[in-house]
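Have a look at the structure below before the remarks.
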Amino acid sequence: MNISSTKWFGWLLLTGIYVLGVLGVVGCGSGDDVVVDCGPGWVWNGTVCSRRTDGFNSGVSSISPALEGSGDLYAVGAFTHFKNDAVKHVARVNSDGSLDRGFVSNTDFMPPNVVVSANDGSGDIYIGGYLIYNGPNLPIRGIARLNHDGSLDSNFNTGAGIGRMVSTIVPATDGSGDVYVGGSSHRTHPSDPFENGPIRLNSDGSLDTDFNSGFRAGESSIALATDGSGDIYVSRNSAPYIARLNDDGTIDTGFDTGPTGFDRSVSDIAVATDGSGDIYVTGFFSAYNTASARGLVRLNSDGSIDAAFVADTTVFRFQGGRFIVPALDGSGDIYVGVTNALNEGIVRLNDDGSIDAGFASGFEGFGRNDTLSDAALAADGSGDIYVAGSLASYKSTPVVNLVRITAGGDLVK
């Protein structure tokens with residue numbers, strides 16, 4: 001055999017090995033016995049890997065109901081498609097589960113972490129994360145406001161933008177149109193003194209310099225007090241891991257967290273909807289001022305622990321819960337993220353902390369490898385709740401990263 005024929009034989013051999021390898025990967029010739037992990041956003045149809053067309057093709061990080069009565073839902077995440085439609089990182093889903101094609105965000109953002117509907121009746125939304133976008137009119141850093149059709153709201157201009165990651169956005173309820181922002185570190189300009197957060201932005205995106213906390217806070221959660229004071233509750237990065245701030249950003253000493261407060265970090269804060277002024281707190285903590293508080297606690301409006309609220313921590317693990325969602329039906333109940341042997345993922349608790357047996361997520365709940373990132377109540381009065389994350393199943397039914405569940409715990413298909 002001459003040199004040229006040797007090369008030809010080697011090429012055929014290598015090509016054959018490659019083809020056989022590829023066929024082996026996709027399962028050619030092995031029928032239904034082959035199961036291939038095609039990667040996020042793709043499924044094995046028995047022959048080849050194909051893109052999922054039954055929902056978002058990648059995880060949903062945050063959701064927020066539209067507030068104009070439509071029952072629609074905004075979602076942000078790493079996804080690039082919804083069913084058969086290309087939609088990059090920001091989407092509006094109609095109440096029937098279809099994509100709202102009238103909402104189109106053409107800005108090439110990195111995937112946002114959080115989305116929040118503006119409460120000024122405009123239909124606009126805020127999105128936040130490690131956003132970097134050098135648009136033709138203004139740069140975007142950290143936070144942006146989008147119009148109801150998905151276009152950038154150029155009237156919201158943060159100047160040089162907010163440095164680093166934005167993880168929390170909470171619109172003020174005082175009619176100002178301002179918005180509170182929390183995250184890993186905030187800088188509106190290198191010369192600004194506000195290295196830390198939270199910060200308050202005016203309705204035009206400029207920094208409200210009258211609000212200055214002076215310490216790192218609000219990275220995981222910001223919640224508005226409902227007593228008309230303009231105060232906010234914030235998570236902190238060190239003990240006592242929670243604080244109540246006056247409307248100028250100073251600490252409200254009337255909210256007394258005691259000698260130690262929480263022993264570890266707080267991940268979410270929600271204000272009770274029963275008019276008490278109490279708050280629910282979840283996180284990685286195990287104690288609050290030496291009292292047992294394994295991941296979930298209710299605090300009175302003065303900062304003391306509400307001893308009448310006792311969650312069952314022998315069965316459910318609340319540490320590191322990603323969300324607390326107070327029910328809006330007047331019951332005083334709350335939905336919380338949990339982990340346990342049954343893999344519910346989410347439970348509904350009565351106002352004393354006991355399990356509401358009327359909300360049954362079943363023996364299996366979400367899949368064992370599923371990750372829940374956010375939850376929000378439907379705004380149509382149905383009592384349903386949306387749950388988002390990297391989700392593959394609920395009660396043994398395949399789902400794709402976003403589900404709607406009835407007040408009884410059943411899947412809305």
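The values are calculated or read from the model by the stated rules, or taken from the named source; none is laboratory data. Here the structure is a predicted model, which is why all the values come from computation and not from measurement. As a convention, Cβ positions derive from the backbone with ideal geometry for all residues, glycine included, and neighbour counts pool all protein chains shown.
Could you tell me whether PHE309 is part of a loop (DSSP other than H, G, I, E, B), surrounded by fewer than 24 Cβ atoms within 10 Å (Cβ to Cβ) and on the phi < 0 side of the Ramachandran plot? Yes: the conditions hold for PHE309. Just checking, does the stretch 168-186 include any residue being in contact with a Leu (Cβ under 7 Å, 6 or more places away or on another chain), over 25 Å from THR257 (Cβ atoms) and modelled with pLDDT under 90? No. Once the stretch 101-117 is narrowed to residues that are hydrophobic (A, V, I, L, M, F, W, C) and in contact with a His (Cβ under 9 Å, 6 or more places away or on another chain), the residue that is modelled with the highest pLDDT is PHE103.
One line per residue, one yes/no per condition, for (1) hydrophobic (A, V, I, L, M, F, W, C); (2) modelled with pLDDT of 95 or more; (3) under 24 Å from the mean Cα position of the chain (by Cα); (4) within 30 Å of ASN202 (Cβ to Cβ):
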site: THR260; (1), (2), (3), (4): no, yes, no, no
site: ALA291; (1), (2), (3), (4): yes, no, no, no
site: SER304; (1), (2), (3), (4): no, yes, no, no
site: ASP312; (1), (2), (3), (4): no, no, no, no
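Taken over the stretch 240-277, residues that are crowded, with 21+ Cβ neighbours inside 10 Å, of a type in the set (D, E, K, R) and more than 19 Å from ASP312 (Cα to Cα) amount to 1. With respect to the conditions (1) at pLDDT below 95; (2) more than 25 Å from ALA272 (Cβ to Cβ), LEU402 lacks only one, and its number is (1).
Scanning the stretch 366-393 for residues that are touching a Phe, Trp or Tyr at 6+ places or on another chain (Cβ under 7 Å), within 25 Å of THR313 (Cα to Cα) and not in a strand (DSSP E or B) returns a single hit, LEU391.
For THR53, the requirement of being in a loop (DSSP other than H, G, I, E, B), at pLDDT below 90 and either in contact with a helix residue (DSSP H, G or I) (Cβ under 9 Å, 6 or more places away or on another chain) or hydroxyl-bearing (Ser, Thr, Tyr) (or both) is met. Restricting attention to the stretch 136-157, the residues that are modelled with pLDDT under 90, under 22 Å from the mean Cα position of the chain (by Cα) and of a type in the set (Gly, Ala, Ser) total 1. Restricting the first member to the stretch 228-240 and to residues that are within 16 Å of ALA287 (Cα to Cα), and the second to residues that are of a type in the set (S, T, N, Q) and in a loop (DSSP other than H, G, I, E, B), the beta-carbon pairs closer than 6 Å and six or more apart or on different chains are PRO240/THR257. The number of residues in the stretch 207-237 that are over 20 Å from PHE318 (Cα atoms) and not in a strand (DSSP E or B) comes to 16. Of all residues in the stretch 396-406, those satisfying the criterion of being in a loop (DSSP other than H, G, I, E, B) and surrounded by fewer than 19 Cβ atoms within 10 Å (Cβ to Cβ) are SER396, THR406. If the condition is being in a loop (DSSP other than H, G, I, E, B) and within 18 Å of ALA144 (Cβ to Cβ), then the stretch 80-106 contributes VAL87, LYS88, HIS89, PHE103, VAL104, SER105, ASN106.
So which of THR282, THR314 ends up being of a type in the set (Val, Ile, Thr) and without any contact (Cβ under 8 Å) to a residue 12 or more places away in the chain?
THR314
Examine the stretch 381-389 for a residue that is surrounded by fewer than 19 Cβ atoms within 10 Å (Cβ to Cβ), over 19 Å from the mean Cα position of the chain (by Cα), more than 27 Å from GLY330 (Cβ to Cβ) and of a type in the set (Ser, Thr, Tyr), and state whether such a residue exists. No, the conditions are met nowhere in the stretch 381-389.
Does THR339 count as over 28 Å from HIS81 (Cβ atoms), without any contact (Cβ under 8 Å) to a residue 40 or more places away in the chain and buried (at least 16 other Cβ atoms within 10 Å of the Cβ)? It is true that THR339 is over 28 Å from HIS81 (Cβ atoms), without any contact (Cβ under 8 Å) to a residue 40 or more places away in the chain and buried (at least 16 other Cβ atoms within 10 Å of the Cβ).
Screening SER286 against (1) at positive phi; (2) surrounded by fewer than 20 Cβ atoms within 10 Å (Cβ to Cβ) leaves a single unmet condition, (1). Taking the stretch 98-135, which residues are surrounded by 15 or more Cβ atoms within 10 Å (Cβ to Cβ), within 21 Å of the chain's Cα centre (by Cα) and among the small types (Gly, Ala, Ser)? Selection gives SER105, SER117, ALA118, GLY123, GLY128, GLY129.
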